[in-house]
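FYI, it's all coordinate maths here, none of it is from the lab. In this text, all values refer to a predicted model and were calculated from it rather than measured experimentally. Positions of Cβ are generated from backbone atoms using ideal geometry, with glycine treated the same way; all protein chains shown enter the neighbour counts.
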Amino acid sequence: MAKEKKLVFTQQEMLKMNKETLKRRGVTINDIAELAHAQQSRYTKGIPFELCVESVERILSFRDIFHHVQLSAEIDRLAEEGLFQGPIQDILYEDLGLFGIDELMGIDVSGNYGTIGVTNFGEIDVSKRGIVEKLNEEGKKEGKCHTFLDDIVGAVAAAASTRVAQVLNEELAHESGDYHKTSIFDYIDNEE
């Protein structure tokens, strides 16, 4: 009797598998957290690094992100092994600048944190620092392909950076003496 295939996983299982997949491809949670920390530290001083690690792990536990990470790593692995046919093999392996589908997946991941997440991803994608720079450079070596993974890692860092800002601003709002609960009706009543 054939064993039933498992297709749906818990958040903890997805996080664990994403960590393992990223590690096999040369990326750690701390690598991504360092990029998120560096990006958000330009706007806010004294960000706890642990908050960046927590944000990366939280994002990597989401189902959509799990699918993106797993698919991206597998596409790159297959391209390294030369298993695609036709021109797409060379386009993927050489990371053709005009390809763009890898960035599209990055935009989708970072878009989970709105337009600021997407803007953060664009900045990381263009500046290519930290682990994204390392993946990009390694991807140019013979036998290596990080066409998708560098964008997914950058997108996770961008989303984590945005989440850090949201968490810090939520904390600030609660600490502020001006914080109070309102509803849309408070604004409407005041306009009359």
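When we screen 49, 84, 99, 9 for residues that are under 17 Å from the mean Cα position of the chain (by Cα) and of a type in the set (Phe, Trp, Tyr), the only hit is 49. Residues in segment 121-156 that are touching a Phe, Trp or Tyr at 6+ places or on another chain (Cβ under 6 Å) and either without any contact (Cβ under 8 Å) to a residue 40 or more places away in the chain or more than 17 Å from residue 29 (Cα to Cα) (or both): 145 alone. Taken across segment 158-170, residues that are more than 14 Å from the chain's Cα centre (by Cα) and in a loop (DSSP other than H, G, I, E, B) do not occur at all.
Scanning segment 7-21 for residues that are touching a Leu at 6+ places or on another chain (Cβ under 8 Å) and among the aliphatic types (A, V, I, L, M) gives 14, 15.
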